[in-house]
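The values are calculated or read from the model by the stated rules, or taken from the named source; none is laboratory data. Just so it is clear, the structure is predicted and the values come from calculations on it, not from any experiment. We place every Cβ from the backbone using ideal geometry, glycine too, and count neighbours over all the protein chains shown. Only protein heavy atoms, including side chains, enter the accessible area calculation; ligands, DNA and RNA are left aside. Shrake-Rupley method; radii C 1.70, N 1.55, O 1.52, S 1.80 Å.
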Amino acid sequence: MAKHLPRKAEVVVVGGGVVGLSIAGFLAEGGREVVLLDAGGPAGSTANAGSLHVQMQSRFLRMYPEQVPALESGLHLYPKAVDFWHDLERKLNADFGMKMTGGLMVAETEDQLDFLRRKAARERALGLDSEILERSDLDRVAPYIGPAVIGAELCANEGKLNPLQANAAIRGWAQSCGVAIHDGVHVAALSPQGSGFIVETGGGKVHADQVVIAAAYGSRTLLEPFGYELAIEAEPLHVNITERAAPFIGHLVQHAERPITLKQFASGHVVIGGGWPANLGSERGFPTVELASIIGNATLAQHIVPTVSNLHIIRTWAGVNTPTDGKGILGPVEGVPGLFAAIPGDAGYTLGPLCASLVAECVLGKKPAEDIGPYSPARFRTPAAARPKADAHLSAL
Ligand SMILES: Cc1cc2nc3c(=O)[nH]c(=O)nc-3n(C[C@H](O)[C@H](O)[C@H](O)COP(=O)(O)OP(=O)(O)OC[C@H]3O[C@@H](n4cnc5c(N)ncnc54)[C@H](O)[C@@H]3O)c2cc1C
């Protein structure tokens, strides 16, 4: 808690979602003394639906067609990110509830199937393992898909995990590596001091040699004073979950045109997400669910997988996602030595641990395993960018 905050740390990580926790763990393994500060606000990592995405989501293609080149430029990271989750599960000797059964994106019309044919061809050219299934193929590999569906794209590398299990295991691992995690600490501002930083919080100041901003939607205000205007937003989204059932849905299921992700966890619960809106109007900044999303999301689910209509929804929740301009914002903050950004971008839970490892390598002064140049925060640097003065009061509130 704030009253126990240390006065100094080698590295402060701001944000305790999957990215912040993973970075903190990697840095501690690399020999750094790490303090992680998390405000306890809404986190995508504790609200997400557990889909391991690889193929491009139609939701993004429809909503932000201008982002397709950026999405495609980072597409090669997604299968690597899924492999990274496997490696992490093994390394931590943990059970994330992972299942790699492939992902289906279904079509109900010839137009939608044509769209998927073009998308699959494009994705294959970019190295993904994607193929088109006709209805007769679906009857064989996914008989639970309803009669309205005429075909689908199957992406072999997709799957699912249980974020509750994964988050707990990653947090435990980070702590066992020596990371000091302080929950409920909001970082109000960062200001440079000497070759390091003063991290200002409600519970006092922490002096840090290096700072990693892994605060999702909260990153924008922290970077603004350094002359960066990140194109990120807080997007409130909805999820439904049903009671347990015997296994009947194998794949991660999405739709070519309509917002849905559908999967069954190893526990038997069916999780239904996919981008239905929630409400971010609440005073405390926590999102609330909308009745229209509960109903719309569940109705679409039973249209695609009719057996879902036999199940009760036992819980719904809302969370805050952090969309970017189509790709992650990763690596050193140009012009501010010692400051790093780690915002994974689209399907950020899938990308989280891989992105975290790439940024951690930068912090440790190593060459990252992937070229993260294209994801540099530098693309958001304003022309008048300047390092704030040490005595300036930089309130990010
Ligand atoms: C409903 C929903 C479903 C989703 N489903 C999927 C999915 O199925 N698959 C997938 O790949 N992705 C999914 N996502 C996206 C994914 O969850 C996020 O992209 C990912 O978890 C982001 O991780 P993160 O660590 O960067 O940020 P977060 O998990 O959002 O964590 C950021 C943390 O920073 C803290 N913070 C913010 N500002 C400050 C500050 N100033 N000081 C201190 N702390 C601060 C916040 O309190 C929060 O705890 C979903 C998102 C939502 C909301």
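Identify, among 289, 311, 356, the residue whose Cα sits farthest towards the positive end of the charge dipole of the stretch 263-372, taking +1 on the Cβ of Lys and Arg and -1 on the Cβ of Asp and Glu, with the dipole about the Cα centre.
Going by the Cα projections, it comes out as 311.
Exactly which trypsin sites (Lys or Arg not before Pro) in the stretch 1-107 are in a DSSP loop and have at most 14 other Cβ atoms within 10 Å?
Of the trypsin sites (Lys or Arg not before Pro), the ones in loops of the stretch 1-107 whose Cβ has at most 14 other Cβ atoms within 10 Å are 7.
Using a 1.4 Å probe on the protein heavy atoms, what percent of the accessible area of the stretch 179-334 belongs to carbon and sulfur?
52 percent
Enumerate the lysines that residue 8 could reach by cross-link, defined here as Cα to Cα under 16 Å, with residues fewer than 8 away along the same chain left out.
205
May I ask for the angle, rounded to the nearest 10°, between helix 110-125 and the longest principal axis of the chain, with both axes built from Cα atoms and the value confined to 0 to 90°?
50 degrees
Roughly how big is the stretch 1-49's charge dipole about its Cα centre, with Cβ charges of +1 (Lys, Arg) and -1 (Asp, Glu), in debye to the nearest 20?
With Lys and Arg at +1 and Asp and Glu at -1, about 200 debye.
Mind listing the long-range amide H neighbours of residue 274? Cut-off is under 5 Å, sequence gap 5 or more, other chains count too, H placed in the peptide plane at 1.01 Å from N.
Here the answer is 261, since their amide H atoms fall under 5 Å of that of residue 274.
Given the protein chains as shown and a 1.4 Å probe, how many square angstrom of residue 187 are accessible, to the nearest 10?
10 Å²
To the nearest 0.05, how large is the calculated FRET efficiency for residue 148 and residue 118 if R₀ is 22 Å and r is the Cβ-Cβ distance?
Step by step, r from the Cβ atoms, then E = 0.55.
By how many degrees, between 0 and 90 and to the nearest 10, does the Cα long axis of helix 348-363 differ from the longest principal axis of the chain?
So the helix axis and the longest Cα principal axis differ by about 30 degrees.
Specify the inter-centroid distance of the stretch 254-324 and the stretch 343-377, based on alpha-carbon positions, in whole Å.
Taking the Cα centre of each part, the stretch 254-324 and the stretch 343-377 sit 29 Å apart.
Show that you can apply the helix-only estimate: for the chain, add -39,500 (n - 2.57) for every DSSP H stretch of four or more residues, divide by all residues, and state [θ] at 222 nm to the nearest 500.
-8500 deg cm²/dmol
Tell me, what is the FRET efficiency for residue 334 and residue 367 to the nearest 0.05, using R0 = 30 angstrom and their Cβ-Cβ distance as r?
For R0 = 30 Å, the calculated efficiency reads 0.95.
Quick one: length gained pulling residue 72 to residue 10 fully straight, 0.36 nm per residue minus the C-alpha distance?
18.7 nm
Given R₀ = 25 Å, FRET efficiency for residue 139-residue 309 by Cβ-Cβ distance, to 0.05?
That pair, residue 139 with residue 309, gives E of 0.80.
Would you work out the charge dipole size for the stretch 4-135 about its Cα centre, treating the Cβ of every Lys and Arg as +1 and the Cβ of every Asp and Glu as -1, and quote it to the nearest 20 debye?
The dipole magnitude comes to about 240 debye.
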